[in-house]
Amino acid sequence: MTATSIGKPLTRVDGRAKVTGAAHYAADFNQPDQLYAVIVNATVGLGRVSGIWNDEVERMPGVVAVITHPQRAETGLPTAQGRHRSGRR
């Protein structure tokens, strides 16, 4: 964008595809045996987790794995590096 385009309408190259529904998004693509992940956060902002009981969830149909913090290191998934959202450790 240059200074001469400020305040002037720009042509959107993807506008027609989005308006007509022809645009493809990441959520539109599915692969065979595709898995989905769900992250469950604590319901209390600064509460202390006293335990996680995932036995019932693991028995639910379609559940492949339940990963809690102790197993996270084995998966290679990224971590918040020990920092709490409030900045506390």
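When only residues in region 40-66 that are polar (S, T, N, Q) and more than 17 Å from the chain's Cα centre (by Cα) count, which is most open to solvent (accessible area, probe 1.4 Å)?
Only one residue tops the list, namely Thr43.
What number of residues within region 14-39 are on the phi < 0 side of the Ramachandran plot, loosely packed, with under 10 Cβ neighbours inside 10 Å and either touching a residue at least 40 places away in the same chain (Cβ under 8 Å) or not polar (S, T, N, Q) (or both)?
Number satisfying all stated conditions: 14.
Assess whether Ser86 counts as being modelled with pLDDT under 80, polar (S, T, N, Q) and surrounded by fewer than 10 Cβ atoms within 10 Å (Cβ to Cβ).
Judged against the criteria, Ser86 is a match.
The values are calculated or read from the model by the stated rules, or taken from the named source; none is laboratory data. None of the values given here were measured: they were computed from a predicted structure. FYI the Cβ positions are ideal-geometry reconstructions off the backbone, even for glycines, and counts take in every protein chain you see. The accessibility values were calculated without ligands, DNA or RNA, using every heavy atom of the protein model including side chains. Shrake-Rupley method; radii C 1.70, N 1.55, O 1.52, S 1.80 Å.
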